[in-house]
Each structure stands twice: as C-alpha cells, then as structure tokens.
Amino acid sequence: MMMLNVSQLASRFFLNPGGAGIALFTTTRTITENDAKNLSRSFYKYALPESVGEVLTFGQLMRSLKNDLNSTGISPTNKLKFTLLGDPALKLPIPQLNIVVTDIFKPQYQRAD
C-alpha cells in the first residue's frame, strides 16, 4: 500500500491517468469536527435540488455555503478556510426524474378453492 503525502492529494486527484476528478471542495487550513459538521449540513441544504428548487453550480453552491456559515453565526471566520478547486460553472450531475404513468397493470387473479 502506497502512503501519500497530504500535499500530493489534490495533484493526484486531478492528474490521475486512470480517471481524474473535475473539482475539489477542500479546506485551506485545519478545521474542527464541529465546523465540518456545520459545513456538511449546509452543503446538503443547497446541493440537493429538492431544497433549493434547482441544481446549483459549484460557484453558487460555494457562495450559499459561505453565506450560510457567516449569516447564521455558526462559523463566521471558518468560511475563509474552505475553497473550490475547479470550474465554478459546473453543476453536480443530479438526475432529473420525470415519471409519467401511462398504464396500470391489473393482473387477473383466479381464486383457488
């Protein structure tokens, strides 16, 4: 098993010849467990279309997260410790489900006596 230096993780993430990432949402400094929990809650609040009505771009998502951390007073200084490495115009690939029922199957059961 190869051990990676922490400073190499982002490089390996983007430059992996077997399939690289498109964006990295990461910290620039050490954060506490509580800060990570607050950030995760804010992330899912804005990342899922059910909660905001549409799929946000990475840039819109980052802005909403940082504003949320600042306006709620949860982590006003820690908003500076998070950054996005990637294209802020990209969106999360969340599938849009459009289901139309055209027919309902009603099986004919025979009563076994």
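The values are calculated or read from the model by the stated rules, or taken from the named source; none is laboratory data. Fair warning: this is a prediction, and the values are worked out from it, not measured in the lab. So basically every Cβ, Gly included, is an ideal-geometry build from the backbone, and we count neighbours across all protein chains shown.
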Among the candidates SER42, SER71, single out the residue that is at pLDDT 80 or above and of a type in the set (Gly, Ala, Ser). SER42
Restricting to segment 77-93, what's the tally of residues that are modelled with pLDDT under 80 and exposed (fewer than 12 other Cβ atoms within 10 Å of the Cβ)? 1
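May I ask you to list the residues in segment 86-110 that are basic (Lys, Arg) and more than 16 Å from GLU50 (Cα to Cα)?
Answer for segment 86-110, where residues must be basic (Lys, Arg) and more than 16 Å from GLU50 (Cα to Cα): just LYS106.
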Selection from segment 18-65 of residues over 13 Å from the mean Cα position of the chain (by Cα), surrounded by 13 or more Cβ atoms within 10 Å (Cβ to Cβ) and within 15 Å of LEU85 (Cβ to Cβ) yields GLY21, THR27
Which residue pairs have Cβ atoms under 8 Å apart, sit 6 or more places apart or on different chains, and have a first residue in segment 31-45 that is free of Cβ contacts under 8 Å to residues at least 24 places away in the same chain and of a type in the set (D, E, K, R) and a second that is assigned to a helix (DSSP H, G or I) and surrounded by fewer than 11 Cβ atoms within 10 Å (Cβ to Cβ)? LYS45/SER51
